[in-house]
1. Could you give every pair whose Cβ atoms fall below 8 Å, whose first residue belongs to region 179-195 and is closer than 15 Å to N164 by Cα, and whose second residue is assigned to a helix (DSSP H, G or I) and open to solvent by 70 Å² or more (accessible area, probe 1.4 Å), counting only separations of at least 6 or pairs across chains?
2. What number of residues in region 407-425 are under 21 Å from the mean Cα position of the chain (by Cα) and either at pLDDT 75 or above or among the basic types (K, R) (or both)?
3. Identify, from the list A134, A66, the residue that is under 26 Å from L19 (Cα atoms), modelled with pLDDT under 75 and touching a helix residue (DSSP H, G or I) at 6+ places or on another chain (Cβ under 7 Å).
4. Within region 29-58, how many residues are part of a loop (DSSP other than H, G, I, E, B) and either in contact with a His (Cβ under 7 Å, 6 or more places away or on another chain) or charged (D, E, K, R) (or both)?
5. Look at region 144-170 and say how many of its residues are open to solvent by 50 Å² or more (accessible area, probe 1.4 Å), under 25 Å from E221 (Cα atoms), in contact with a helix residue (DSSP H, G or I) (Cβ under 9 Å, 6 or more places away or on another chain) and assigned to a loop (DSSP other than H, G, I, E, B).
6. Out of the residues in region 352-399 that are in a helix (DSSP H, G or I), at pLDDT below 85 and among the acidic types (D, E), which is farthest from P303 (Cα to Cα)?
Amino acid sequence: MPYHAYSISGSLTGDALFLNYGREKDYRALHDLGVEVKGCVAIVRRGSGLSRYDFVSNAAAHGVSAGTVMNNLGDPLTPGWPAGGEKLEFNDQRFVQKFPAVPSLPISQSSAEMILGSLEVTELPSEWDQFSKAAGERKRATIVNVFAVIKGSEEPDRAVLLGNHRDAWTYGAVDPNSGTAALLDIARRFALLRRLGWNPRRTIVLCSWDAEEFGMIGSTEWVEQNPVNLGAKAVTYFNVDYAVQGQDSFMSWLYQIPVKDPDSDTMSLYESWVASNKGANLVEKLGRVDPDFAPFLFHAGVPSIDLYFGSDFSLYHTAFNTYEWMVNNGDPLFHRHEYMNALKPLLEGAMDPIAAAIEDFKDAALRCTEEIKILKAGRCLDAASISRRRALNDRMILSERSFLDMEGLAKRHWFKHLRMRKNKDTKKKKMQHEIWRVARAIEKSASALRGEFT
């Protein structure tokens with residue numbers, strides 16, 4: 001039976017109610033129509049940018065008896081510290097408050113249509129009962145992360161991390177198995193290169209995360225366990241949950257990479273991507289908190305990239321996420337899986353205060369770009385040039401770290417990266433404070449790029 005991870009247990013009865021997306025404005029629309037939602041069992045459809053936690057939490061706030069529905073990343077019994085030692089009890093309020101106060105469960109479209117059809121009659125059909133019960137159990141389980149490490153030859157104390165989770169809702173052909181296939185094939189290719197005597201310049205760490213679907217537990221606990229080493233040594237983190245979710249344009253950090261488009265005889269992947277976006281060089285901001293890059297970027301400040309082919313995967317977290325779908329629809333000849341393997345190694349390598357800080361950052365970035373050009377043109381391998389190159393790389397790493405604020409975000413203190421901020425407080429003083437916090441972070445980032453005292 002499908003279920004929401006961390007949903008509380010319970011048996012529910014009540015009038016059926018359609019809540020659209022379960023947003024605040026949907027509740028207001030029902031209120032304006034004179035509809036009483038309290039005590040109802042709600043049907044909510046996914047979409048509009050709300051997480052599973054958000055629409056279940058909204059339902060509880062409005063008295064509705066209604067994914068992962070936890071408002072947290074990582075092990076909920078070890079909030080803010082790594083697993084393995086101290087644990088909260090199940091009745092601890094720090095644990096309890098992370099979850100909505102009402103049960104929830106996912107249902108199919110056909111089941112939803114059957115329930116919604118019942119709204120046309122005065123009495124609910126008997127079939128409703130089977131969809132208004134949610135049962136589960138609380139228990140502890142052991143999870144296992146798996147790592148492979150290739151030591152760097154020139155900078156062994158600098159690490160590039162490539163990660164993917166291996167647990168799945170249902171069959172997981174796209175999420176995560178397409179990413180797992182890419183990660184395993186990259187590992188195979190690295191092994192072949194090692195036998196030929198090749199060594200990477202920096203250390204490469206391949207990461208297979210466990211329990212991602214339950215709130216990025218594997219990756220989050222590891223990040224919480226290694227904050228010092230990540231802060232000092234991690235260059236970047238590459239994430240691939242669903243390497244291939246369709247046959248349309250590649251939608252992430254791409255730029256000019258010399259990889260041929262699997263659907264074209266003449267164009268590179270970059271050229272096809274730009275053409276599909278009508279010439280716009282669009283790069284999406286990493287704003288979601290459900291993939292494994294979240295703890296690296298938003299908690300540890302490690303620059304991160306999310307890689308995938310396709311977009312708007314309609315079968316996400318459904319029983320149709322199968323190998324048969326991938327073979328017949330997603331990537332019939334598995335060309336995109338193969339090209340994803342080639343991409344990762346090639347990729348290595350008011351508002352006035354914010355506006356002023358951005359201009360300062362742009363100036364520092366331009367100077368940094370000029371320095372990169374000079375170092376590339378020289379191609380010197382003497383000790384002084386190698387030291388300059390390493391110092392430049394360190395400054396760029398610290399530039400990302402500068403966006404971390406140890407105070408954390410309002411009501412979400414575990415999130416330290418200010419780019420994650422979603423401040424809903426409209427009071428002028430608090431808004432101005434948040435603006436200055438971001439401006440100071442940008443100024444710190446510019447200072448880190450310059451590598452000089454201000």
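The values are calculated or read from the model by the stated rules, or taken from the named source; none is laboratory data. Bear in mind the structure is a predicted one, so any value in this text is a computation, not a measurement. Positions of Cβ are generated from backbone atoms using ideal geometry, with glycine treated the same way; all protein chains shown enter the neighbour counts. These accessible areas exclude ligands, DNA and RNA; they are computed on the full protein's heavy atoms, side chains included. Shrake-Rupley method; radii C 1.70, N 1.55, O 1.52, S 1.80 Å.
1. D185/E338
2. Looking only at that region, the number is 13.
3. A66
4. Residues in region 29-58 being part of a loop (DSSP other than H, G, I, E, B) and either in contact with a His (Cβ under 7 Å, 6 or more places away or on another chain) or charged (D, E, K, R) (or both): 5 in total.
5. The total comes to 2.
6. Within region 352-399, the match that is farthest from P303 (Cα to Cα) is D352.
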